[in-house]
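The values are calculated or read from the model by the stated rules, or taken from the named source; none is laboratory data. Remember, predicted model here, so these are calculated numbers, not experimental data. Using ideal geometry, Cβ is built from the backbone for each residue, glycine included, and neighbour counts are taken over all protein chains shown.
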Amino acid sequence: MNETLERWSSRRAFILAVTGAAVGLGNIWRFPYITGENGGAAFLMLYVAFVVLLGVPVMMAEILVGRAGRRSPMQSLAYLASAASASGHWRWLGLFGALTVFCILSFYSVVSGWSIEFLSQSLRGEFVGRSAQEIGAGFDAFLANPARMAVNHSLFLLMTMLVVAGGVAKGLERLNNVLMPLLYLLLLVLAGHAATTSGFTTALAWLFTPDLSAVSPMVLVHAMGHAFFTLAVGACALMAYGAYMPDQQSLPRAAASVAVLDVGVALLAGIAIFSVVFSQGMDPGQGPGLMFVTLPVAFADLPFGAFWLSLFFLLLLLATWTSSINLAEPIVATLQGWGLGRGRATAVVGLAVWALGLLSVLSFSTMADVEVLFGMNVFALVSTIPPEIFLPVGGLLIAIFAAWVMPETIARHALGVGPGGFRLWRNLVRWVSIPLTLVVLGSGLL
Ligand code: PFF
Ligand code: NA
């Protein structure tokens, strides 16, 4: 098994794959609207703290397990558990991860479909000369049209599953590599342009001067969940990528650079979006539509705005495409592990995700008031519980496995650092990441 798995051609290819998984809707769509709903700076500060104290160390734990196992997540967990003479039940963690990404992919595909809609509207010049109110009204009309939303959702999922079935994800990551700097550049221009708008200073103050009295247990839960979500940690999806990591690469360095890039994209998007919000007197806590009704306004002020806006949605689609491929992979791999062929497994996963996604589509019209659980409709439920509860629980178990269960020599070798570095990482996971996750989850439950 060890020999048959192909390694990433280079360290760079591995970083690219992980960055492709990390940077996506979480940064540009979810980060701004969750920050808006949770009052701004205090949330942002907590989220960055959780990225550093939980996200990065647990990302290392997750990739380390895959790298040490050199197998699919379930098989790696089973193999390493037996090497430590621990329970074989650890392998179910891989299944839990597959269930988590299954739920996430169902709404991820729907929202990526919104990007397809905005790309095509932008290409038709729909946003030119429109006011913020008109753009908001157009978005509401789109949400109320389940047929159109379903078509876009189907299209995006088809794009994803074709790549997964064809095993051409690496080609896409290379393309992503070329275009990612362009996305960064575009966001930099937008953030720079935001500096010239009337809402800029309010936006900065709102994002960067924390009011600690605004922190509640639920804000902690949201911030922690988002840290896991944005880094793609806690669902064994990165564990699957770890199996292909080259032997010589330093894992801490790779994890840290992905985190810096990921947080950077979110901050730039946040500055651009909240400058529009405060310039236009909009509500920062308006929810999932936030990015879609603000960025067209921001671009409208730029010369050739329609062109840049179209390019932006194209790049965003590419970023979400590589993330959704990473989301689909562990589910397909699990079915393959049960003996299904690659093509058939992809088709089954695609159909199931598509069906669940349709319920998210309807959550903006006919099923808006259908409360499934905790007073939430389907979209609210799948876009909250899996990212904010399942990912931290999965991350917690992965961290316990890597820092307490795995044999030390295997773990140290897989982390790719010296004994001192290994101790540091393990102490951080044992005495900070694990207890902190438990405390936040516990406080959320109460
Ligand atoms: N990290 C992705 C984003 O920020 O859009 C979302 C994601 C991908 C979450 C893969 C979880 C995952 F396993
Ligand atoms: Na992200």
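Looking at (1) part of a helix (DSSP H, G or I); (2) modelled with pLDDT under 95, which is the only condition F379 fails?
Here F379 meets the rest and fails (2).
Do you know which residues across the stretch 141-178 are over 30 Å from S10 (Cα atoms) and exposed (fewer than 13 other Cβ atoms within 10 Å of the Cβ)?
Of everything in the stretch 141-178, those that are over 30 Å from S10 (Cα atoms) and exposed (fewer than 13 other Cβ atoms within 10 Å of the Cβ) turn out to be A141, A147.
Results for (1) within 16 Å of ligand 1 (Cβ to nearest atom); (2) in contact with a Lys or Arg (Cβ under 6 Å, 6 or more places away or on another chain); (3) of a type in the set (G, A, S), shown as yes or no for each residue.
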site: L172; (1), (2), (3): yes, no, no
site: F228; (1), (2), (3): yes, no, no
site: R253; (1), (2), (3): no, no, no
site: A272; (1), (2), (3): no, no, yes
site: S275; (1), (2), (3): no, no, yes
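Have a look at F142, F118 and point out the one that is within 28 Å of A368 (Cα to Cα), touching an Asp or Glu at 6+ places or on another chain (Cβ under 7 Å) and among the hydrophobic types (A, V, I, L, M, F, W, C).
Residue meeting the stated conditions: F142.
Any chance you could count how many residues in the stretch 330-362 are of a type outside the set (A, V, I, L, M, F, W, C) and in contact with a Phe, Trp or Tyr (Cβ under 8 Å, 6 or more places away or on another chain)?
Residues flagged as of a type outside the set (A, V, I, L, M, F, W, C) and in contact with a Phe, Trp or Tyr (Cβ under 8 Å, 6 or more places away or on another chain) within the stretch 330-362 amount to 2.
Conditions (1) of a type in the set (A, V, I, L, M, F, W, C); (2) without any contact (Cβ under 8 Å) to a residue 12 or more places away in the chain; (3) touching a helix residue (DSSP H, G or I) at 6+ places or on another chain (Cβ under 9 Å), marked per residue:
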site: S383; (1), (2), (3): no, no, yes
site: F390; (1), (2), (3): yes, no, yes
site: G394; (1), (2), (3): no, no, yes
site: A399; (1), (2), (3): yes, no, yes
site: T409; (1), (2), (3): no, yes, no
site: R412; (1), (2), (3): no, yes, yes
site: G420; (1), (2), (3): no, yes, no
site: R430; (1), (2), (3): no, no, yes
site: S433; (1), (2), (3): no, no, yes
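Considering only helices (runs of 4 or more DSSP H) fully contained in the stretch 168-257, which possess at least 1 residues that are free of Cβ contacts under 8 Å to residues at least 12 places away in the same chain and not hydrophobic (A, V, I, L, M, F, W, C)?
Per the criteria, 169-194, 200-208.
May I ask you to list pairs of residues, at least six apart or on different chains, whose Cβ atoms are under 7 Å apart, with the first in the stretch 1-26 being at pLDDT below 65 and the second being surrounded by fewer than 18 Cβ atoms within 10 Å (Cβ to Cβ) and not hydroxyl-bearing (S, T, Y)?
Here the result reads R7/P246; W8/P246, each pair linking the stretch 1-26 to a residue that is surrounded by fewer than 18 Cβ atoms within 10 Å (Cβ to Cβ) and not hydroxyl-bearing (S, T, Y).
Any residue at all in the stretch 85-97 that's surrounded by fewer than 18 Cβ atoms within 10 Å (Cβ to Cβ) and more than 30 Å from P252 (Cα to Cα)?
Checked against the condition, which is being surrounded by fewer than 18 Cβ atoms within 10 Å (Cβ to Cβ) and more than 30 Å from P252 (Cα to Cα), the stretch 85-97 yields no hits at all.
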